[in-house]
Each structure stands twice: as structure tokens, then as C-alpha cells.
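Read-outs: derived from the displayed coordinates by stated rules, not from any lab. These figures come from a predicted structure and were not determined experimentally. Backbone-built Cβ (ideal geometry, glycine too); neighbour counts: all protein chains shown.
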């Protein structure tokens, strides 16, 4: 009859298992750890609300989709999101969007370059052929609060 190995014979096996478990736990912890979000030093957000003339929202959406967004990218204007309100009457005549700039000074440079781009005026003229798109544009520059997840 064969006997079980002594306790001292099992020690290396259990030691190896414990070390392997500890190493695996450490690796899992490192992989699961979320990266800390750091705010860019001067990054600013700009909230823009376009109050659109009656019946002109589809033309404004096309202008954004086909011309504005590529020009934003070209001129360093980072699009965060674009929205339409859910409830009438705003759902028929409002475009809301959030963009980011490296700094307030860069925002001015970005907008100046955007409006001076030779592609912009012809695109706006085509989109406005049936009438002016907006009757009012609100712009608000914002800094993230210290508790904001988006910085």
C-alpha cells in the first residue's frame, strides 16, 4: 500500500500555489485599476445653442453633417456631442452641441480660422439658399467643476 507524502513534501506545492495566487491577484488588480482622469491645464468647453428658423433644422443638420464637422476637425474644434431636444416646440427648432478647445485663446483662433476657411462661406451659402438658418446663437464657455467626470 502506498502512503501519502509527508507534510513537508507538500510544502513546496502549497507555497507555489500561494505565490501564484498572490501574483495573479496583483496582475488582476493592476489591469482592473481605472486610470485617473486629469484635466488638461486650460481646456475649456463651449456650449452652443442654435435657435433655428422655422423649417430650417433639416438644412442646418445637413450643413453640420457634411461641412461643419469636417471643418471643426480641420481647425482644432473638438466635438463632444450634438443634441436635439425631445419636446416640442424646441425639438423642431433647436440644435445644442458641446465642443472643447485647448484654451480660451485657442477657441478664438479656432473660430477665426473656421470662419476664414474658403470652404465655409460657399457651404453656408448653399445651406442658406432657402432662407437664413438661425435667428439666434447662444455660446457659453465653461470650465469643469472639480467633481465633473468630464474634464
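Some notes on this structure:
- Over the stretch 44-142: Rg over Rh, Cα atoms, Kirkwood Rh: 0.96
- Using a Förster distance of 30 Å, the FRET efficiency for residue 150-residue 87 (Cβ separation, nearest 0.05): 0.75
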